[in-house]
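> Questions regarding the structure given below will be posed in turn.
The values are calculated or read from the model by the stated rules, or taken from the named source; none is laboratory data. Note that the structure is predicted; figures quoted are calculated from it, not measured. Please note: Cβ atoms are built from the backbone with ideal geometry, for glycine as well, and neighbour counts cover all protein chains shown.
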Amino acid sequence: KQEVTQIPAALSVPEGENLVLNCSFTDSAIYNLQWFRQDPGKGLTSLLLIQSSQREQTSGRLNASLDKSSGRSTLYIAASQPGDSATYLCAGRNYGQNFVFGPGTRLSVLP
Amino acid sequence: NAGVTQTPKFRILKIGQSMTLQCAQDMNHNYMYWYRQDPGMGLKLIYYSVGAGITDKGEVPNGYNVSRSTTEDFPLRLELAAPSQTSVYFCASIWKETQYFGPGTRLLVL
């Protein structure tokens, strides 16, 4: 059964810093992995989806990578801004199965 | 498009009461999901549906029921509310592997 973890649980950085959020999964037969952003009291917003055949995806200041052999995905945020403060969750899916979510990393970008 | 909508936003229930959490989507997506999110935890799948008339259990289905009579609507029923069902409930639909979430329903069972 796929298991997904995210470390650290919380992270604080000064504005302008580049940062990396980590997501680990146990089953390398992953079909795809999705990164989400969740603002307090809100639903989840999809940021990036990486298929198993891809190694990375980019959207604006965000870049997500997928390394199946090491069981890791990273979300890179360039030139962080206070508006990036939120909880970031990753979710992995094996073929024919449902998504498994990590617990999330709560990011605070300080002005 | 309104996307995925959920009602109510917040509800307090007494132990043993019943209620239905409503979820609707106007994107004509076949796949729909119900999750619960507890503090500091990831989302847990309660039930899902691959199309009208077809539903299946997820990881934590006990105490819940669902129906899917139309493509648009996917209500979640709590029959006998228990304190362990205090949580935030999210409905989602999927298109081409991307999940679209509703704003959530916060439920408190006292």
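> Which is at negative phi, modelled with pLDDT under 95 and not hydroxyl-bearing (Ser, Thr, Tyr), of B:Glu72, B:Glu79, B:Glu97?
Values: B:Glu72 fails: modelled with pLDDT under 95; B:Glu97 fails: at negative phi.
When all the criteria are applied, what remains is B:Glu79.
> I'm checking my understanding of the structure. Among residues of the stretch A:1-37 that are charged (D, E, K, R) and under 15 Å from B:Gly42 (Cα atoms), which one is modelled with the highest pLDDT? Talk me through it step by step, then tell me what you get.
Initial filter on the stretch A:1-37 (charged (D, E, K, R)): A:1, A:3, A:15, A:17, A:27, A:37.
Now drop any that are not under 15 Å from B:Gly42 (Cα atoms), which leaves A:3, A:37.
Numbers: A:Glu3: 92, A:Arg37: 97.
Applying the filter and picking the extreme gives A:Arg37.
> Let me ask you something else. Which residue pairs have Cβ atoms closer than 6 Å, lie 6 or more positions apart in sequence or on different chains, and pair a first residue in the stretch B:67-88 that is within 12 Å of B:Thr55 (Cβ to Cβ) and surrounded by 18 or more Cβ atoms within 10 Å (Cβ to Cβ) with a second residue that is among the hydrophobic types (A, V, I, L, M, F, W, C) and at pLDDT 95 or above?
From the stretch B:67-88, the pairs are B:Arg68/B:Ala52; B:Arg68/B:Phe74; B:Phe74/B:Cys23; B:Phe74/B:Met32; B:Leu76/B:Leu21; B:Leu76/B:Trp34; B:Leu76/B:Val66.
Residues are listed down the side, and each one gets a yes or a no for (1) touching a Cys at 6+ places or on another chain (Cβ under 7 Å); (2) assigned to a loop (DSSP other than H, G, I, E, B); (3) within 11 Å of chain B (Cβ to nearest Cβ); (4) of a type outside the set (A, V, I, L, M, F, W, C):
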position	(1), (2), (3), (4)
A:Pro8	no, yes, no, yes
A:Leu21	no, no, no, no
A:Ser24	no, no, no, yes
A:Ser28	no, yes, no, yes
A:Asn32	no, no, yes, yes
A:Arg37	no, no, yes, yes
A:Gly41	no, yes, yes, yes
A:Ser46	no, no, yes, yes
A:Ser53	no, yes, no, yes
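> Same structure, new question: Pull up the stretch A:57-69, narrow it to residues that are in a strand (DSSP E or B) and more than 12 Å from the chain's Cα centre (by Cα), then point me to the one that is nearest to A:Asn94 (Cα to Cα). Break it down stepwise before answering.
To start, the set of residues in the stretch A:57-69 that are in a strand (DSSP E or B) comprises A:57-59, A:62-67.
Still in the running and more than 12 Å from the chain's Cα centre (by Cα): A:58-59, A:67.
Values: A:Thr58: 22, A:Ser59: 24, A:Asp67: 15 Å.
Looking at the filtered set, the residue picked out is A:Asp67.
> So, one more: Quick check on the stretch B:71-96: of everything there that is hydroxyl-bearing (Ser, Thr, Tyr) and over 23 Å from B:Gly3 (Cα atoms), which residue is farthest from the chain's Cα centre (by Cα)? If you could, list the steps in order and put the result at the bottom.
As a first pass, look at the stretch B:71-96 and keep what is hydroxyl-bearing (Ser, Thr, Tyr): B:71, B:84, B:86-87, B:89, B:93.
Subset that is over 23 Å from B:Gly3 (Cα atoms): B:84, B:86.
Numbers: B:Ser84: 16, B:Thr86: 13 Å.
Taking the candidates together, the pick is B:Ser84.
> Here's a follow-up. Kindly indicate the residue of the stretch A:84-111 that is part of a loop (DSSP other than H, G, I, E, B), more than 13 Å from the chain's Cα centre (by Cα) and under 23 Å from A:Pro14 (Cα atoms) and also nearest to the other protein chains (Cβ to nearest Cβ) among those meeting that condition.
First pass over the stretch A:84-111, keeping only residues part of a loop (DSSP other than H, G, I, E, B): A:85, A:95-98, A:102-104, A:111.
Checking which are more than 13 Å from the chain's Cα centre (by Cα) leaves us with A:85, A:95-98, A:111.
Within this subset, residues satisfying the condition of being under 23 Å from A:Pro14 (Cα atoms) are A:85, A:111.
Working: A:Ser85: 17, A:Pro111: 26 Å.
My answer is A:Ser85.
> Also: Every residue in the stretch B:68-110 that is over 13 Å from B:Ala24 (Cβ atoms), in a loop (DSSP other than H, G, I, E, B) and within 14 Å of another protein chain (Cβ to nearest Cβ), please.
B:Lys96, B:Glu97, B:Gly104
> Considering only the stretch B:1-67, give the strands (runs of 3 or more DSSP E) lying wholly within it that have at least 1 residues that are within 14 Å of chain A (Cβ to nearest Cβ).
Numbers: elements: B:4-7, B:10-13, B:19-25, B:31-37, B:43-51, B:54-57, B:64-66.
Passing ranges, in order: B:4-7, B:10-13, B:19-25, B:31-37, B:43-51, B:54-57.
> Considering the stretch B:14-46 alone, what residues qualify as being crowded, with 19+ Cβ neighbours inside 10 Å and either of a type in the set (Lys, Arg) or closer than 10 Å to B:Phe74 by Cα (or both)?
B:Leu21, B:Cys23, B:Ala24, B:Gln25, B:Met32, B:Tyr33, B:Trp34, B:Arg36
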